[in-house]
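Notes follow the structure.
The values are calculated or read from the model by the stated rules, or taken from the named source; none is laboratory data. On a predicted model such as this, the values are computed, not experimentally measured, just so you know. Because the Cβ atoms are built from the backbone with ideal geometry, glycine has one as well, and the counts that use them run over all protein chains shown. These area figures cover heavy atoms from the full protein model, side chains too; ligands, DNA and RNA do not enter into them. Shrake-Rupley method; radii C 1.70, N 1.55, O 1.52, S 1.80 Å.
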Amino acid sequence: MGKEARLIVIAGPTASGKSALALEVARRFGGTVVNADTMQVYADLRIVTARPSVEEEALAPHRLYGVLRGDEACSAGRWRDMALAEIERAELPIVVGGTGLYLRALLDGIADLPPIPPLVRQASRDLAASLGPAFHAELARLDPVMAARLRPSDLQRQIRAHEVAMATGRSLAEWQNVSTAAFPGRTAVIALDPPADALRARIDDRFAAMVGAGALAEVAALAVPADAPLAKAVGVPQLRAHVRGEIDLPNAISAGQAASRAYAKRQRTWFRHQLPSNLVIQEPLWTKDSAKESVKIFSFIDDFLLTPG
């Protein structure tokens, strides 16, 4: 990929209007939309994961939507490889999504770790479960550098460090110093950061609309185990509980809305502190008064595309 490559990134929390904006930008500038959402990469649950509709996808090229089975693992590294292949083919790639680790892997590079064998991964999990708090001491024996960095309460990261050390014989800290290269071209990062109250209301309305549009039937037909990645998508456990008869529909909707709001809050915090942006849009893009924001965004992209690299 040459140094003259240009990339537009549209980031923001769930329900902030990213997909609609990406489609608008793609149609206006002749771009290709590349998905950076960890759940929209899967083939099932178009409604629940808020994937663009078939009609929307027909209006401009869309890539990496619905390309994996619901029980497949998709790490940041795997997604980065797929995304770079699509970016290479696109005249103007527009990467859009709310999965911060994917975006950081693309823009800044990622530790070039080899795949961890499933048996090793399971062995680390089983050992953590059997040892409990003593697992931190076991990690310290195997990888003292990472054990010193991690709190004893941070179990998931301890397990990750343990499995890497077991599989590779090297500390995760060493692997983190051997990263893939950052994106080699010019990038323009647009972050959507609407007011919290407006976003919460939109999340609640959208989740209820999803249920009305067939989300329950989607979830009922989902044939993946409970520990599959797609089964953990925001809102899916709550709707699955209703499908199994464990809670009534109003409580399932309320729980799904709450989970969605909590997820959006985490995303907002991450993007504000972890993703440097060239343009931040704080006005909601879904209101009738948002036209001036579109003008601002299009003007920014015009300048980005016209400025020599």
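The table below gives the values:
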read-out: Full-extension gain in nm, Leu92 to Val67, via 0.36 nm per residue minus C-alpha separation; value: 6.9 nm
read-out: Of all accessible heavy-atom area on the chain, the percent that carbon and sulfur account for (1.4 Å); value: 53
read-out: Ranked by how many other beta carbons lie within 10 Å on average, peptides 92-101, 129-138 from highest; value: 92-101, 129-138
read-out: Nearby aspartates and glutamates by direct alpha-carbon distance to Lys296 (threshold 12 angstrom, same-chain neighbours under 8 apart not counted); value: Glu283
read-out: Per residue accessible area of the chain, 1.4 Å probe, in Å²; value: 50
read-out: Residue-averaged 222 nm ellipticity for the chain, from DSSP H runs of 4+ at -39500 (n - 2.57), nearest 500; value: -15500 deg cm²/dmol
read-out: Placed amide H near Val280: partners under 5 Å, 5+ positions off or other chain; value: Ala191
read-out: Packing-based order for 7-14, 191-198, using average beta carbon neighbours within 10 Å, highest first; value: 7-14, 191-198
read-out: FRET E, pair Asp205, Ala137, Förster distance 45 Å, beta-carbon r, rounded to 0.05; value: 0.40
read-out: Pair Gln274, Val145: separation of 7 Å Cα→Cβ label points (nm); value: 2.2
read-out: Surrounding net charge for Ile297, when Lys and Arg each add one and Asp and Glu each subtract one, Cβ distance under 14 Å; value: -1
read-out: Of the DSSP H helices in the chain, those whose Cα atoms cover at least 15 Å axially and whose Kyte score averages 0.5 or more; value: 291-306
